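Novice: Just dropping this structure here.
The values are calculated or read from the model by the stated rules, or taken from the named source; none is laboratory data. This structure is a prediction, so every number in the text was calculated from the model and none was measured. Counting neighbours? That spans all protein chains shown, and the Cβs are built from the backbone with ideal geometry, glycine included. Ligands, DNA and RNA are stripped out before the accessible areas are found, and what is left, the full protein with its side chains, is counted by its heavy atoms. Shrake-Rupley method; radii C 1.70, N 1.55, O 1.52, S 1.80 Å.
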Amino acid sequence: MDLREFIRQCEAAGDLKRITAEVDWNLELSHISKMVEEKNGPALLFENVKGYNTPVLTGAFGTAKRMAIALGMNTDYSMCDLAREWMKLTLDKVIPAQETGNGPVMENVIEGDNINLFNSFPVPKFYPLDGGRYIGTAVFLIVRDPETGEINLGTYRMQLLDEKTCGVQILPGKRGERIMKKYKKLGKKMPAVAIIGCDPLLFMAGALMHAKASEFDIAGSIRGVPTEIVISEHTGLPIPATAEIALEGEIDPNNFRAEGPFGEYTGYYSDEFGKEILKPALEVKRVYHRNNPVLWATSVGRPVTDVHMLLAFTRTATLWSDLEAMRIPGIKSVYVPPESAGRFWAIASVQQRYPGHAAHVGNAIISTTTGSYGVKGVIVVDDDIKADDMGRVFWALSVRYDPLRSTELIKRGRSTPLDPALDPKSNKLITSRIIMDATLPYEWEEKPVEIKLDEETVKKVQSRWSEYGID
Ligand SMILES: Cc1cc2nc3c(=O)[nH]c(=O)nc-3n(C[C@H](O)[C@H](O)[C@H](O)COP(=O)(O)O)c2cc1C
């Protein structure tokens, strides 16, 4: 699987539209993409971007069906089902990536003075108040931990700062930042490769909150075959063999540059708006790209965009994996809704087996690595409700939840500085949390009697359905 095969499969499924009319990279492209996404429309391949000869793909992960295509899974699955499969496939073993001598990504190599990122690719500007053009929205950065030798993939937005430099927003506390600090301590620049356009599964892996193995190897375990990588002769970093575009260079931990602002996935600019914030910058030394490279971009803005779908999917998968690893019994489903900007709320469905079981699950969620970062609310429901069945979840909140009995408030938890709800005068790194137990307490001896359909009558009605004349 590579991006081209993904595009082919989406098109075959009627889930991708080619736009042949001329479209401006300046706002028009991003606006079409957002407006189509708000209507649950298809992925878009812009083939005629003003001033450029190469295409831009947007809206790739706009629906669960397209995520299933990317994952090579059943296209009838919900996001929750897909995340469960991911969890099962990655829990025990991963398939190591495999080196190959060459790959289509090496079809074109541009070096040194010949690099001009503005001229080479149809990089969009998304919103009028953005600080510039963003080459990295569907992107991930590959770096190596100088102490352990481990490879890390992380998705951090990237702005074109000049012809050869991209601003990279690696937020505080991310593994990418911790690795960068190690290079700083060593007095070295950090070699890095940014990948734009590749097997969509690798982009998903790059967005994982915490990976227990190399993201390349995790992707291999989902595919069932190793990810093919080319080792760069310059930096020794692995580059996916079928990537569309790879920008290779280095980040100087002592030379940050002004980047932003950029409309965030919360639907707001962060409090960097109107200020000059210095961020790491990738000094690009080499550009590799396939012939006719596809520049992959996400939509941007308030939920739900493909970014929220991706965040929700990867966080559901890692949260579920974390809970499985904690060996908590009875967990039937887990869900981080895309509408919660793909990260702020988590829901779990549990088959209760002991008093306090639902509370156990609620507390466990905010103790996991995924749940402890930015999750503000947890809802626990009984196992008759699937975690992604929002109508029934709200029913449970209405008829099984009692605010005084069923609520835990936690004052301090790790947050994201991008949360617009946090006091701008605070350091914006700490959030409070709420755990809402919307289950009927296990220990109640007398439980409310639920209304249920009579099974015999249901069977009879089903057998006579056509006689009633109801479609
Ligand atoms: C589309 C998208 C954009 C993202 N943008 C950023 C970003 O600009 N900065 C950031 O620190 N994290 C961003 N994230 C979240 C990180 O990718 C995620 O936290 C990942 O785990 C970081 O990798 P690391 O922990 O290995 O550093 C983004 C995620 C997605 C899906």
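Novice: Read through the list (1) within 12 Å of the ligand (Cβ to nearest atom); (2) under 27 Å from residue 301 (Cβ atoms), then give the number of the only condition that residue 214 fails.
Specialist: The one condition residue 214 does not meet is (2).
Novice: Tell me which residues, restricted to segment 320-334, are farther than 20 Å from residue 203 by Cα and away from the ligand (no atom under 14 Å from the Cβ).
Specialist: 323, 324, 325, 326, 327, 328, 329, 330, 331, 332, 333, 334 - these are the residues of segment 320-334 that are farther than 20 Å from residue 203 by Cα and away from the ligand (no atom under 14 Å from the Cβ).
Novice: Another question about this same structure. Taking residue 329, is it touching a helix residue (DSSP H, G or I) at 6+ places or on another chain (Cβ under 9 Å) and open to solvent by less than 10 Å² (accessible area, probe 1.4 Å)?
Specialist: Here the answer is no, as residue 329 does not meet what is asked.
Novice: Oh, and also: Taking residue 243 as the residue in question, decide whether it is open to solvent by less than 50 Å² (accessible area, probe 1.4 Å) and under 30 Å from residue 188 (Cα atoms).
Specialist: yes
Novice: Can I ask one more? Filter segment 142-155 down to the residues that are open to solvent by 20 Å² or more (accessible area, probe 1.4 Å) and not in a strand (DSSP E or B) and list them by number.
Specialist: 146, 147, 148, 149, 150, 155
Novice: If you take the residues of segment 262-301 that are among the acidic types (Asp, Glu) and within 12 Å of the ligand (Cβ to nearest atom), which of them is farthest from residue 379 (Cα to Cα)?
Specialist: Residue satisfying both the conditions and the ranking: 272.
Novice: Can you tell me which residue in segment 302-319 is farthest from the chain's Cα centre (by Cα), limited to those that are more than 12 Å from the ligand (Cβ to nearest atom) and open to solvent by 10 Å² or more (accessible area, probe 1.4 Å)?
Specialist: Among those that are more than 12 Å from the ligand (Cβ to nearest atom) and open to solvent by 10 Å² or more (accessible area, probe 1.4 Å), it is 302.
Novice: Hey, another quick one. In the set 417, 403, which member is at pLDDT below 95 and assigned by TED's automatic domain parsing to the domain that holds residue 344?
Specialist: 417
Novice: In the list 222, 195, which residue meets the criterion of being more than 12 Å from the ligand (Cβ to nearest atom) and out of contact with any strand residue (DSSP E or B) (no Cβ under 7 Å at 6 or more places or on another chain)?
Specialist: Every option except 222 fails the conditions.
Novice: Looking at segment 36-57, I want the residues that are at pLDDT 95 or above and have a partner that is assigned to a loop (DSSP other than H, G, I, E, B) and charged (D, E, K, R) with Cβ atoms under 6 Å, at least 6 apart or on another chain. Which pairs are those?
Specialist: What qualifies is 42/15; 48/22; 50/22; 50/24; 55/47.
Novice: What about residue 342, is it outside any strand (DSSP E or B), in contact with a His (Cβ under 6 Å, 6 or more places away or on another chain), outside the structural domain of residue 215 (by TED's automatic domain parsing) and open to solvent by less than 40 Å² (accessible area, probe 1.4 Å)?
Specialist: Judged against the criteria, residue 342 is a match.
Novice: Next question, about the same structure. Can you find, within segment 183-213, the residue that is farthest from the chain's Cα centre (by Cα) among those that are part of a helix (DSSP H, G or I) and surrounded by 17 or more Cβ atoms within 10 Å (Cβ to Cβ)?
Specialist: Of everything passing the filter in segment 183-213, 183 is farthest from the chain's Cα centre (by Cα).
Novice: Please indicate, with yes or no, whether at least one residue in segment 117-132 is within 10 Å of the ligand (Cβ to nearest atom) and of a type in the set (Phe, Trp, Tyr).
Specialist: no
Novice: OK, next. Sort out which residues of segment 158-172 are within 16 Å of the ligand (Cβ to nearest atom) and open to solvent by less than 30 Å² (accessible area, probe 1.4 Å), and write them in order of number.
Specialist: Answer for segment 158-172, where residues must be within 16 Å of the ligand (Cβ to nearest atom) and open to solvent by less than 30 Å² (accessible area, probe 1.4 Å): 158, 159, 160, 166, 167, 168, 169, 170, 171.
Novice: Which numbered condition in (1) farther than 30 Å from residue 272 by Cβ; (2) open to solvent by 80 Å² or more (accessible area, probe 1.4 Å) is the only one that residue 440 fails?
Specialist: The failed condition is (2).
Novice: When you scan segment 36-111 for strands (runs of 3 or more DSSP E) that lie fully inside it, which ones turn up with 1 or more residues that are on the phi > 0 side of the Ramachandran plot and buried (at least 17 other Cβ atoms within 10 Å of the Cβ)?
Specialist: none
Novice: Within segment 239-291, track down each residue that is among the small types (Gly, Ala, Ser) and either within 30 Å of residue 424 (Cα to Cα) or in contact with a Gly (Cβ under 7 Å, 6 or more places away or on another chain) (or both).
Specialist: Within segment 239-291, 241, 243, 258, 260, 263, 267, 270, 274, 281 meet the criteria.
Novice: Within segment 280-301, work out how many residues are in contact with a Phe, Trp or Tyr (Cβ under 9 Å, 6 or more places away or on another chain) and open to solvent by 20 Å² or more (accessible area, probe 1.4 Å).
Specialist: Total satisfying the criteria: 1.
Novice: Separate question: I'd like the full set of residues that are outside any helix (DSSP H, G or I), buried (at least 19 other Cβ atoms within 10 Å of the Cβ) and under 26 Å from the mean Cα position of the chain (by Cα), limited to segment 15-35.
Specialist: Within segment 15-35, 15, 16, 19, 25 qualify.
Novice: Being open to solvent by less than 40 Å² (accessible area, probe 1.4 Å) and either more than 15 Å from the ligand (Cβ to nearest atom) or touching a helix residue (DSSP H, G or I) at 6+ places or on another chain (Cβ under 6 Å) (or both) is the filter here; which residues of segment 246-257 pass it?
Specialist: Answer for segment 246-257, where residues must be open to solvent by less than 40 Å² (accessible area, probe 1.4 Å) and either more than 15 Å from the ligand (Cβ to nearest atom) or touching a helix residue (DSSP H, G or I) at 6+ places or on another chain (Cβ under 6 Å) (or both): 246, 247, 248, 249, 252, 253.
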